[in-house]
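Notes follow the structure.
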């Protein structure tokens, strides 16, 4: 039985660097446009992985299927109805994103009574001036938009986590297939398109 080796082609390394660059730019300047672009890109990558899973065999199929399933599972978990209050606050990934956002963007702070509900005030530091706005819970519901009620930074971060879990799922699926294949079956699966 041969050992599991990580193999990357130059094409995959360039794709990885491109995705890392786009996500880094989106996290450095988290706007709604970046969040929408990264979310759309994540969905496209998961869709392409499903198409690759249909078209390939062996390790390639397992890797693509593992990528699509794990990435879609994480996004589905975050986007599920009621996830904002029942699931998202309890995930380590959400806690890490909240902490990173608080450290990287300390000038924008919110007092929160419960996830998604503003309790008291928002502090903005715009062009070196501090301005405060008092927002009551009634006003907070009027200010919120329907849909995904988290910041653009957290939306980009959750898409990044989905892609990381997808990559992990891809490696695990490929490892499982490689581990259970005999050398003869392995050659047959690799040689067949």
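The values are calculated or read from the model by the stated rules, or taken from the named source; none is laboratory data. Just so we're clear, the structure is a prediction, and the values are computed from it rather than from any experiment. Using ideal geometry, Cβ is built from the backbone for each residue, glycine included, and neighbour counts are taken over all protein chains shown.
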The conditions are (1) at pLDDT below 90; (2) farther than 17 Å from residue 162 by Cβ; (3) part of a helix (DSSP H, G or I), and residue 5 fails exactly one of them. Which is it? (3)
In the stretch 178-188, is there at least one residue being assigned to a helix (DSSP H, G or I) and at pLDDT below 55? yes
Could you name every one of the helices (runs of 4 or more DSSP H) located completely within the stretch 47-112 that has at least 2 residues being out of contact with any strand residue (DSSP E or B) (no Cβ under 7 Å at 6 or more places or on another chain) and modelled with pLDDT of 90 or more? 58-79, 92-104
Restricting the search to the stretch 23-64, which residues are under 25 Å from residue 102 (Cβ atoms) and surrounded by fewer than 16 Cβ atoms within 10 Å (Cβ to Cβ)? 24, 25, 28, 29, 31, 32, 33, 36
For the stretch 26-46, give me the residue count where each residue is farther than 19 Å from residue 16 by Cα and in a helix (DSSP H, G or I). 3
